[in-house]
Amino acid sequence: MLRQANSQLRRYAIAAGSVLIGLLLSYGLSQLATFDRPFLLFLAAILVSSWYGDRQTGLLSLGLTLGLSGLQIWWPLSWLIFPPLASLSTAVFVLEGVAGSHLIHSLKHQADQAQQKLRVSQGEYNRFLDIANEGVWAIDRHQKTTYVNQRMAEMLGYPVKEMLGRPIADFMDAAGRAAAQPHLINRQQGLREQYDFRWVRQDGSDLWSLMSASPIMSATGQFEGAIAMVTDISDRKQIETELKESEASFRRAVVNAPFPIMIHAEDGEILQISNALTEITGYTFADLPTIQHWVQLAYRDRSQQVRLDISKLFGLAQRVDEGEYKVQIKNGEFRIWEFSSAPLNRLADGRRVVISMASDVTERKQAETALTKRLKQQAAIAQLSQQALIKSDLDNLFDQTTQLLAQSLEIDFVKVSELLPEGDRLRLRAGVGWRAGLIGQATLSANRNSQAGYTLSVKQPVVVQDLRHETRFTGSDLLINHHVISGISVLIEGVAHRPFGVLGVHTTQPRTFTQDDINFVQTVANVLASALERHHNEKKIQQLNVSLEERVSLRTQQLEELNQELQAFTYSVSHDLRAPLRAMQGFSQALLEDNHEQLDSLGKEYVTRIEQAAASLDQLIQDLLTYSRLGRTDICLQPIDLNQIVEEVTQLLAADLQTTQTHLVLKKPFPSVLGSYRILVQVLANLLSNAIKFVAPDVNPVVQVWGESYGDRCRLWISDNGIGIALQHQTRIFSPFERLHGVESYPGTGIGLAIVKRGVERLQGQVGLESQLGQGSRFWLELPLAH
Ligand code: ADP
């Protein structure tokens, strides 16, 4: 109700006010002589009333106007020149007023509705901007903020209110202000633009943003301000910065890597090289803009092939070891590099990139090559030494030596030059590489003008770097004609302090020889020298052998003659010497038997003594003959059954055994041995007869015989209970004529044990004894067992 009353009151006020203003204006204008249409002002008042009020307000104004026209005859309203109330004009006026009220009212209604809609859409737009995820920032022509949305304010850390009205320069630092200047100029010139820009947040930190800025221009093309969409790209910038930093540190790592590195793109551009690459090769980054430059410098005539290898790297998915490459560096030397390459991320422009790393293995390779060379040379020396030992043909050995040297040193020419007996020239005795027909024929001077002659005089290895510039000698025609440039020559020692000659190796290309090479050639020369010495000695031995054989055959002949003489002597001893003895024995016997009566007891004793002496001498002669025969006869060893030997000996000595009442113990069976039946009977008989002979008076001999086998030998023991033998005599009793007792106590010749020793030794056996004085004796024979 109250609202209705208010609106009614408001209508009256508008209508009254409008009419009053119309009235006042009419009054004012009526002063002007030209103004004669005051009703137009009242029509305007009606229209204004219906615009600001409504249709009823308009009609109310019309009513008020008509009311006023009825009062115009009164003063002070007489100035109103208004048509009479009943006139046609008044009717038209009324119609106009009514129609105008209606028209204005409906126009106002439409305008209100349009404004309402605009307000709604404006509100929605603002809400949309406020909740938008991107910042929105509008400025006027003075760069003052006219609008920021919530997001923009949040991005900078301010409340929206605090930003409004402030110049954008407040949100930048000095660098930002400088950077913003050209963009603002662009805006003023009506240009749209997108660019990265750094703002400063309220807390002082940076806000990196992507600005999409557009100018706001008036209809007449005047710059009114600008509006920008602001996207927070701090994260992206952060990543970009980190990426740049990591790229920079990667680049630093590459540059400072302690080995050669090259980063190159597929179009051949070299993007980076390490300092180590420059240090080793001498090529700077400026020298190597592209792979083409690199391969030309480092690989020269192989550049095409290497280029091809490099181009294949761009198809790689992972690291690959490319192997060894021989790289030529700036000073012309070669280095050996082991390459491995791996793909990197593509460049921003899409080019594929490869990182190639190398390790310089030159020194290792050189050491390996030197080792291989040394091993090869050692093998050659070993082979040559062997040849030198087995080969007696010197020319053959020289040929082998020169070939081996040529192979081992990979050299063009090798020569053995022999000093001729006159000493003034050397002859090309053997060699490799020389023109046909020269070996064995060509000679060269032995004076200091040739390399070989110079070597003979200085007696140590001579190395020639370049014969063309040699100052020590001019060089022989042989070397000059063969275009020799470098070489080594060493002395080959001969026999009897005279050099044999010179061993030389030569090349037609300049070559630097190592100490190993020189040692190798000298060692080969030494091997040759020892072969020469051996050859010389062999010759000497051969000559000695010939003369020795002559001497041996002479001596053999002399020995044979002597032997024959000895045999004749033995024959004469055994026959001629024993014959008178037997005569002495026979006549003594006859004297005792036939002249028994005539002889007194002294005479009989003398005759008996003569007989005994003769018998004893005969025994001695027999023993000596046996002993001497043992030394001369050839003995053929054969298996002998010792049982048979023992059996035969006991039979031989049966009478003595019985006379002496010997208790003989034979521990059978006895083994078989290798020996001679006759000698073994002799040996055992001698030992057994001694065993029963050398016993104390009144003691019955007890003799034991037994055998012992061990391994492939056998010992035959003969023990007695006799008088024993003192230790100090145990060796000498085996010598001829060594007796420990007089013939009165124990008869004998002193040759029995000598026969035992010589007999056993002839059978490749040994003899010995164990005894103590008064304790009996144990003699032993050791012989090989028969199998
Ligand atoms: P002979 O028996 O003729 O004297 P041998 O050469 O047989 O000569 O012996 C040398 C010496 O060795 C003997 O004279 C004796 O003194 C000593 N002899 C040898 N066999 C024995 C033994 N079985 N017991 C003690 N002495 C011995």
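The values are calculated or read from the model by the stated rules, or taken from the named source; none is laboratory data. Please read these numbers as outputs of a predicted model, since none were measured by experiment. Methodologically, a virtual Cβ is constructed for each residue, glycine included, from the backbone with ideal geometry; neighbour enumeration extends over all protein chains shown. With ligands, DNA and RNA removed, areas are computed over all heavy atoms of the protein, side chains included. Shrake-Rupley method; radii C 1.70, N 1.55, O 1.52, S 1.80 Å.
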**OP:** Run down the lysines and flag those whose C-alpha is under 27 Å from the C-alpha of LYS108, throwing out any fewer than 8 positions away in its chain.
**Re:** LYS117
Subject >> Bins of 10 Å, starting at 0 and running to the largest distance - Cα pair percent for segment 453-570 >> reply: 12, 28, 20, 11, 9, 8, 7, 4, 1
**OP:** Leaving ligands, DNA and RNA out of it, work out the accessible area of MET211 with a 1.4 Å probe and give it in Å² to the nearest 10.
**Re:** 10 Å²
**OP:** Per residue, how big is the convex hull around the C-alpha atoms of segment 173-226? Give it to me in cubic angstrom, could you?
**Re:** 74 Å³
Original post:
Cross-link partners among aspartates and glutamates for LYS415, C-alpha distance below 12 Å, same-chain residues fewer than 8 apart left out?
Top reply: ASP399
Original post:
When only the heavy atoms of the protein chains count and the probe is 1.4 Å, how do PHE250, PHE734 rank by accessible area, highest first?
Top reply: PHE250, PHE734
Original post:
On average, how much accessible surface per residue is there in segment 224-303, in Å², for a 1.4 Å probe, leaving out ligands, DNA and RNA?
Top reply: 52 Å²
**OP:** Would you calculate, for the chain, the mean residue ellipticity at 222 nm contributed by helices, counting each DSSP H stretch of 4 or more residues as -39,500 (n - 2.57) and dividing by all residues, to the nearest 500?
**Re:** -16500 deg cm²/dmol
**OP:** Please give the residues of segment 219-244, grouped as numeric ranges, whose backbone N is less than 12 Å from a label point set 7 Å along the Cα-to-Cβ vector of SER212.
**Re:** 228-232
Subject >> Relative compactness, segment 644-787, computed as alpha-carbon Rg over 2.2 N^0.38 Å >> reply: 0.99
Subject >> Proximal charge balance of PRO499 [Cβ under 12 Å; K/R count +1, D/E count -1] >> reply: 0
Original post:
Averaged per residue, what accessible surface does segment 703-774 expose to a 1.4 Å probe, in Å²?
Top reply: 49 Å²
Original post:
When the distances between all Cα atoms of segment 575-659 are binned every 5 Å from zero, what whole-number percent does each bin get?
Top reply: 3, 12, 13, 12, 15, 15, 12, 8, 5, 3, 2, 0
Original post:
If the viscosity is 1.567 mPa s and the temperature 4 °C, what Stokes-Einstein diffusion coefficient in µm²/s follows for segment 573-613 when Rh is the Kirkwood radius over Cα pairs?
Top reply: 123 µm²/s
**OP:** At 1.4 Å probe size, with no ligands or nucleic acids counted, give the accessible surface of MET172 in Å², nearest ten.
**Re:** 20 Å²
**OP:** Work out, step by step, the length gained on full extension between HIS536 and LEU344: first 0.36 nm times the residue separation, then minus their alpha carbon distance; give nm to one decimal.
**Re:** 61.7 nm
**OP:** First select every other residue whose beta carbon is under 12 angstrom from the beta carbon of ASP393; then total the charges, Lys and Arg +1, Asp and Glu -1.
**Re:** -2
Subject >> Alpha-carbon centroids, segment 384-417 and segment 137-163: separation in whole Å >> reply: 101 Å
Original post:
Of PHE398, GLN366, VAL353, whose Cα points farthest to the positive end of the dipole of segment 327-406 (charges on the beta-carbon: +1 Lys, Arg; -1 Asp, Glu; origin at the Cα centre)?
Top reply: VAL353
Original post:
How long is the gain from ARG307 to GLN730 if the chain were fully straight, where each residue apart is worth 0.36 nm and the alpha carbon distance is subtracted?
Top reply: 142.2 nm
**OP:** For segment 627-703 and segment 209-233, write down the distance between their C-alpha centroids in whole Å.
**Re:** 148 Å
Original post:
Across 10 Å bins from the origin, how do the percents of Cα pairs in the chain run, short distances first?
Top reply: 2, 8, 8, 6, 6, 7, 6, 6, 6, 7, 6, 4, 3, 4, 5, 4, 2, 2, 2, 2, 2, 1, 0, 0, 0, 0
Original post:
If you roll a 1.4 Å probe over the chain with all protein chains in place, what percent of the accessible area is carbon or sulfur?
Top reply: 55 percent
Original post:
What number comes out for the charge environment of ALA342, summing +1 per Lys or Arg and -1 per Asp or Glu over other residues with Cβ under 13 Å away?
Top reply: 0
**OP:** Provide the solvent-accessible area of ARG778, counting protein heavy atoms only and rolling a 1.4 Å probe, rounded to the nearest 10 Å².
**Re:** 90 Å²
Original post:
Largest first, how would ILE185, ILE355 line up by accessible area (1.4 Å probe)?
Top reply: ILE185, ILE355
Subject >> Per residue solvent-accessible surface (Å²) - segment 593-657, probe of 1.4 Å >> reply: 63 Å²
Original post:
Relative to the Cα centre, what is the charge dipole magnitude of the chain, using +1 at the beta carbon of each Lys and Arg, -1 at the beta carbon of each Asp and Glu, and rounding to the nearest 20 debye?
Top reply: 4300 debye
Subject >> Spatial separation of Cα centroids for segment 492-549 and segment 267-305, in angstrom >> reply: 52 Å
Original post:
So what is log10(I(q)/I(0)) for segment 365-444 at q = 0.12, 0.21, 0.22 1/Å, when the Debye sum runs over its Cα atoms only?
Top reply: -0.43, -0.98, -1.02
Original post:
Taking the simple approach of a point 7 Å from Cα along Cα-to-Cβ for both GLN658 and ALA257, what is their distance in nm?
Top reply: 11.9 nm
Original post:
In nm, what is the difference between 0.36 nm times the number of residues separating LYS459 and ASP641 and their Cα-Cα distance?
Top reply: 58.2 nm
**OP:** At a Cα cut-off below 21 Å, give the lysines reachable from LYS330, other chains included and same-chain residues fewer than 8 away excluded.
**Re:** LYS365
**OP:** From largest accessible area down, sort GLU279, GLU611; use a 1.4 Å probe on the protein chains.
**Re:** GLU279, GLU611
Subject >> Dimensionless Rg ratio for segment 232-346, taking C-alpha atoms and the 2.2 N^0.38 Å reference >> reply: 1.20
